[in-house]
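The values are calculated or read from the model by the stated rules, or taken from the named source; none is laboratory data. Keep in mind it's a predicted model, so treat the numbers as computed, not measured. Please note: Cβ atoms are built from the backbone with ideal geometry, for glycine as well, and neighbour counts cover all protein chains shown.
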Amino acid sequence: MVHLSPSYSMDIWTEAALTLCVLQRVNSLHLSAGSRYLISGGTDRTVRVRSHVWDLKRQHLKHSFPACNSAIRSVTFTGQTDEFIVAGCDSGDIYLYHAQQGTAAGICRDRDDASAIQAVQSSSHPFVRNKLGTVQLSGTLCLWDVATASLVSNFPRLVPRFTEVAAAMHEIKVQMAHLLAENDRLRQENERLKHIF
């Protein structure tokens, strides 16, 4: 079991629960398909790959990739054999790394929308494992081809922007406060009228 503690340490619970590493803050974890490798990304802008099971017991860090230009929101493996690691960042950039070599493979960037990447998801279909889906803070959904680091298609504003959802929630709270105040006023008026009649 993987656990993110309140102190932002990343724990792997085995027979003797051990702490792997302490980052500024871990935002995302992902296990490779065969559960051999664990990747993490967070506010320190670095993607780390830890070998799973036996190497975790020795706390063996396989790769630590060059820092991204902003905090990492989401990480995943992709490719036919999980040969790529993907990191979605606050800057809107999507970093691609070669998992085995530990080197950078490229950067994907939507030229029309530079809002933060909220989530990255690789295709689980065995014949299209080179496709990657992302969702941005603006609500845009994108489909990427990892092999060419190119945008295949995007669906602008398919998901409501977080700011719009937050504004709608605030408006609902304001309306609820007005309704509760009106309800309280009517209840008091009702009590007053009971005493008169």
Could you look through the range 141-171, keep only residues that are in a loop (DSSP other than H, G, I, E, B) and either of a type in the set (D, E, K, R) or closer than 26 Å to Leu31 by Cα (or both), and pick out the one that is modelled with the lowest pLDDT? Arg161
Against the definition (in contact with a Pro (Cβ under 7 Å, 6 or more places away or on another chain), surrounded by fewer than 18 Cβ atoms within 10 Å (Cβ to Cβ) and not in a loop (DSSP other than H, G, I, E, B)), how does Ala104 come out, yes or no? yes
In this structure, is Gln100 touching a Leu at 6+ places or on another chain (Cβ under 9 Å) and polar (S, T, N, Q)? no
Sole exception among (1) under 27 Å from Leu143 (Cβ atoms); (2) modelled with pLDDT under 80 for Arg25, by number: (1)
Step by step: first the residues of the range 51-78, then only those that are small (Gly, Ala, Ser) and at pLDDT 80 or above, then the one that is surrounded by the most Cβ atoms within 10 Å (Cβ to Cβ). Which residue is that? Ser74
